[in-house]
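Trainee: Sharing a structure, written as structure tokens. Questions coming.
The values are calculated or read from the model by the stated rules, or taken from the named source; none is laboratory data. All values derive from a computational prediction rather than experimental measurement. FYI the Cβ positions are ideal-geometry reconstructions off the backbone, even for glycines, and counts take in every protein chain you see. With ligands, DNA and RNA removed, areas are computed over all heavy atoms of the protein, side chains included. Shrake-Rupley method; radii C 1.70, N 1.55, O 1.52, S 1.80 Å.
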Amino acid sequence: MIIALAAAGTAALLWLAVTATVPPAVSAPSKGMLLGIWGVLYVAEAPAPWLLTTSVAVAFLLIAGIALADRHISLKARRSASPGQPLAPRIVMAKTRGVYTGPVTLTVLIPAHNEAASLPSTLASLLAQSHPPQRIIVVADNCTDATVDVARAAGVEVLETVYNSQKKAGALNQALKRLLPGQGDNDLVMVMDADTLLDDGFLACAVEYFTRDRALMAVGGLFYGEQGHGLLGQFQRNEYIRYARDMRRRRGRVFVLTGTASVFRPAALRAVAANRGTALPGVAGDVYDTWALTEDNELTIALKSLGGLMVSPSECAVVTELMPTWRTLWAQRLRWQRGALENLGAYGLTPPTARYWAQQFGLGYGVIALTSYLMLILLTVLALDTWIWFPFWLGLGLLFSFERVVTVWRGGWRARLLAMTVVPELMFDMFLNVVYVKGIIDMSVGREASWKHLAKAG
């Protein structure tokens, strides 16, 4: 409702601005030849200077406001001494000053439900790390395939869940309740998906960060998409490349501790479990909220709410599975989007969640803006007998295309070619917009959400 009202209010302001000014005289379109064979009509006039200046000023003010608010919240959390934020760096540093808790060790938990096909590659990438983990535990959850046999054949530990009906979060809660009591502050716990491959150096980088900063509570990975799956796969790879680029531009400041691969200090996980049911949503004693559709996003917000310091360095990269069909992509993104909205509803508007609320507001506004833009183009095409080109807007379009290409440059020529065409990615964005709207509708009518699992075929 807020997003819709904001969009309507903006449209009303634009309408008033247009009707309150006397439109300048517009000359008739000029005729020209494109490449010597295509006759075109074009208008070279650009919007009025005052309109361009105002638009740029408003955009910069919005960007500056979000950046300053984000920085203020981040610095305030770092300097906080509030008992309500027990993981704030100032409190952690004071508590651990002069205390040596032993060398940094690493235990990896891999929740797996029927992952016999993908598990061998995941374990191989772990065992090949330049800094291998001390322990690897496959948390086999209600498996009906050869997941347990594959794990044992690879020489790693296996923990089979008992009567778990709460999916991945429930399986991890069972494992962590056994593991955490015996963990020291430097005995790191990593949680990674069974369909993820770590880049060499991931663990060495994470251990280095934790060794340098005893106030650091978590290190998240930057995820990239696996190869394959045709055009749909390239859409997803481009999306992930842009996300990783944004994280690098934020200098590793975490937005979401990805479930594909993230490393935690035990003190952080114990603090979350201790505050469940009071300061945080969920059941007391559980690290993961089993009601959350997106457990990694929820845990990130929980840690931020307790003041935890976290980072996603560019050196900690992983390759994760992509959705092979539009149907599975729809199910995945619907779960992600609805889970994110439900998490924000559970936490409310607080300083740690302010940026997440702003992102959802931007997504909603973007849905309205892109849909309106495409409908306007369609209406123009149907209303005009002859198409008229506006060089000014073509120039902006080329600038937009340039930005799309630059942001996926690391993905190679296929990523650049897809980005250069612009229109296919806009259609993919519209698909994601429909998912967003579907999530809003499902929540509004109280439709029950589902957690769908995709197992790779052998």
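Trainee: Considering every pair of different Cα atoms, what Kirkwood radius, in Å, is found for region 37-185?
Mentor: 21.2 Å
Trainee: Under a 5 Å amide H to amide H cut-off, with H placed in plane at 1.01 Å, what residues pair with Thr350 once short-range neighbours are removed?
Mentor: none
Trainee: Would you pull out the residues with amide H under 5 Å of Val139's amide H, same chain only if 5 or more places away, H placed 1.01 Å from N?
Mentor: Ile110, Ala112, Leu159
Trainee: What's the lysine pair count for the chain at a Cα cut-off below 18 Å, pairs eight or more apart or interchain?
Mentor: Lysine pair count for the chain: 8.
Trainee: Using only DSSP helix segments of four residues or longer, with each worth -39500 (n - 2.57), what per-residue ellipticity at 222 nm results for the chain after dividing by its residue count and rounding to 500?
Mentor: Using -39500 (n - 2.57) per qualifying helix, the result is -17000 deg cm²/dmol.
Trainee: In nm², what is the average projected area of the convex hull enclosing the Cα atoms of region 174-298?
Mentor: For the Cα atoms of region 174-298, the hull's average projected area reads 8.9 nm².
Trainee: Shifting gears a bit: Where Rh is the Kirkwood radius over the Cα pairs of region 358-445, the temperature 25 °C and the viscosity 0.890 mPa s, what D in µm²/s does Stokes-Einstein return?
Mentor: It diffuses with D of about 161 µm²/s by this estimate.
Trainee: Once you treat every alpha carbon in the chain as an equal point and sum by Debye, what is log10 I(q)/I(0) at q = 0.08, 0.13 Å⁻¹?
Mentor: Those come out to -0.55, -1.28, one per q.
Trainee: Given Cβ point charges of +1 (Lys, Arg) and -1 (Asp, Glu) and nothing else, what value in debye, to the nearest 20, does the dipole of the chain about its Cα centre take?
Mentor: It works out to roughly 1160 debye.
Trainee: Could you order peptides 63-71, 312-320 by the average number of other Cβ atoms within 10 Å of their residues, highest first?
Mentor: Highest to lowest by the protection proxy: 312-320, 63-71.
Trainee: Return the distance in nm (one decimal) between the two label points of a simple spin-label model at Ser372 and Ala64, each offset 7 Å from Cα along Cα→Cβ.
Mentor: Computed distance between label sites Ser372 and Ala64 equals 2.5 nm.
Trainee: Once the Cα atoms of helix 49-79 and of the chain are each reduced to a long axis, what angle between those two axes, in degrees from 0 to 90 to the nearest 10, is obtained?
Mentor: 10 degrees
Trainee: Ignoring any ligand, DNA or RNA, what whole percent of the accessible area of the chain comes from carbon and sulfur when the probe is 1.4 angstrom?
Mentor: So the carbon and sulfur contribution to the accessible surface is 66 percent.
Trainee: Taking the convex hull of the Cα atoms, report for region 103-324 its projected area averaged over all directions, in nm².
Mentor: Mean orientational projected area (region 103-324, Cα hull): 11.6 nm².
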